[in-house]
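Let me begin by presenting the structure, written as structure tokens, before commenting on it.
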Amino acid sequence: MKDPLGTCTYSLLYEDLKRFSKNGETFCKELVTVFQQRSELEINYAKGLQKLAGKLIKVSKAMSNNSTYNAWSLVSNEMFSIADAHRILGHALQQDTVLEIRQILDEHTKRKKPLDNTIEKSGKLVVTNWNEQLKVKKKLSALTREHEALFSFVEKNKQICTEKEKQKMFNRLTKSAELQVKVDEEYFNMNMDGHKMRLKWENTLKSCYQIIQELEKQRIETLCSTLNKYSLHMSSYSQTLLQSEKQIEEAIGRVDVEKDLQTLVEDTCVTAEDTEAEFLMADYFEEDGRTIMGRERRRDALKIKLQRLEEWITRTKEDKDVFSSVQVIKKTPLRSRQSLRTSIMYKGPAKNGASRQDSAPSTGAGTASAQLSPTEPQRAELNGLCRILYSASLSTLIKLIS
């Protein structure tokens with residue numbers, strides 16, 4: 001006999017729909033997992049971006065007020081805006097995607113679980129009835145076979161048997177026929193019950209098929225609605241990014257690099273007073289009147305130091321004069337340099353305070369320029385050193401007089 005469950009059309013349709021529903025359920029579960037992780041990433045990214053923006057705005061406040069640093073402070077505002085957009089997107093995905101799809105999953109699971117139980121119970125009743133029918137059918141077939149054999153035996157032997165034997169065979173045949181009718185009636189009733197059970201099972205399949213079909217329609221509608229909401233959230237997020245980009249472009253347009261550089265030069269320029277070197281006066285032991293030292297010995301020691309200082313002053317003045325002469329040579333035309341060069345003599349203090357002899361003039365302009373041409377910083381250093389040495393000499397003389 002055929003399988004009572006395998007030949008039902010609704011059973012095949014229901015199994016196919018269950019596989020389709022199972023795939024949809026798996027897809028929704030994965031979708032919930034993906035968007036749950038996406039939501040957490042968006043929120044965590046927003047928190048990290050806010051911290052970075054806070055650091056940027058904090059360090060920008062410490063900088064000078066110009067268009068470049070103001071533009072960078074607007075970058076921190078842009079980072080705050082983007083962080084806020086990511087935070088809003090993360091919460092929106094959590095609320096409108098994860099929770100909604102998870103709610104649909106829970107609802108469908110609750111509704112499909114009793115359907116499967118009902119179909120399983122109805123199917124078991126059909127299978128049980130079918131197995132009982134097979135047993136009764138087998139019994140009925142055996143009884144019918146015995147009854148037909150007994151009936152054939154009676155028909156063949158009723159002419160030669162006595163009345164007593166005939167009556168005995170007829171009684172046996174009658175009992176066999178009654179038992180056959182009884183089993184046949186039982187099989188018929190069981191078959192009718194099985195038919196009712198099968199109809200009930202098919203109706204249950206049909207009802208469950210329609211319910212699951214409606215659930216799948218609801219799932220698809222929910223996914224479509226969620227997709228539309230996701231599109232709106234992404235559109236709003238994109239608008240925020242475009243606005244931030246526009247603000248950055250406007251801030252860049254307001255940047256005036258030349259003005260910022262000019263302001264920097266004005267704020268950090270160095271005056272002539274700032275470039276003057278500070279001379280740290282020598283403080284000798286002999287200058288301290290509170291020390292234990294004879295007056296004559298103190299005076300002799302200070303005279304030696306003063307003489308050394310005066311020699312330095314004299315030599316520095318001569319170096320300055322030489323530098324001025326070199327500048328005159330550079331500015332003099334080439335033809336007049338030959339006559340001017342012979343008139344320049346380098347004079348410097350000799351040892352023991354005596355004047356040095358004039359040295360012979362150089363024979364080449366290149367040699368004089370290489371030896372006697374100090375740079376501009378050296379010139380400024382010589383001028384400053386002269387002023388400092390004069391001051392030091394005057395200070396020392398005042399101390400000696402006192």
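The values are calculated or read from the model by the stated rules, or taken from the named source; none is laboratory data. What you see is a predicted model, and the numbers here were worked out from it, not measured in a lab. Every residue, glycine among them, receives a Cβ derived from its backbone with ideal geometry; neighbour counts consider all protein chains shown. All accessible areas refer to the heavy atoms of the entire protein, side chains included, with ligands and DNA or RNA removed. Shrake-Rupley method; radii C 1.70, N 1.55, O 1.52, S 1.80 Å.
What's the extension gain from K22 to T162 if we count 0.36 nm per residue and subtract their Cα-Cα distance?
Stretched out fully, the K22 to T162 stretch lengthens by 42.8 nm.
Reachable aspartates and glutamates from K320, Cα under 19 Å, same-chain residues fewer than 8 places away excluded?
E276, E310, E311, D358, E376, E381
Roll a 1.4 Å probe over the protein heavy atoms and report the accessible area of I220 in Å², nearest 10.
100 Å²
With the crude spin-label approximation of a point 7 Å out along Cα→Cβ, what separation in nm comes out for L52 versus S236?
For the pair L52/S236, the computed spacing is 2.4 nm.
Please work out the ratio of the alpha-carbon Rg of region 1-151 to 2.2 N^0.38 Å and round it to two decimals.
Against the compact-globule rule of thumb, the ratio is 2.29.
For each pair in K112/K229; K22/K196; K29/K51; K138/K182; K138/K158, compute the distance between the two Cα atoms and list the pairs where it is over 23 Å.
K112/K229; K22/K196; K29/K51; K138/K158
Between R308 and E266, take the C-beta separation as r, use R0 = 35 Å, and let me know the FRET efficiency to the nearest 0.05.
Step by step, r from the Cβ atoms, then E = 0.20.
Give the distance, in whole Å, between the Cα centre of region 242-270 and the Cα centre of region 125-177.
What the calculation gives is 115 Å, centre to centre.
I'd like the FRET efficiency for T128 and E100, computed as 1/(1 + (r/R0)^6) with the beta carbon distance as r and R0 of 41 Å, rounded to 0.05.
The formula returns an efficiency of 0.45 here.
Per residue, how many Å² of accessible area does region 65-132 show with a 1.4 Å probe?
54 Å²
Taking all protein chains as present, what is the carbon and sulfur share of the accessible area of region 94-248, in % to the nearest whole number, probe 1.4 Å?
Here carbon and sulfur together make up 55 percent of the probe-accessible area.
Per-residue accessible area for M293 at 1.4 Å probe radius, Å² rounded to 10?
40 Å²
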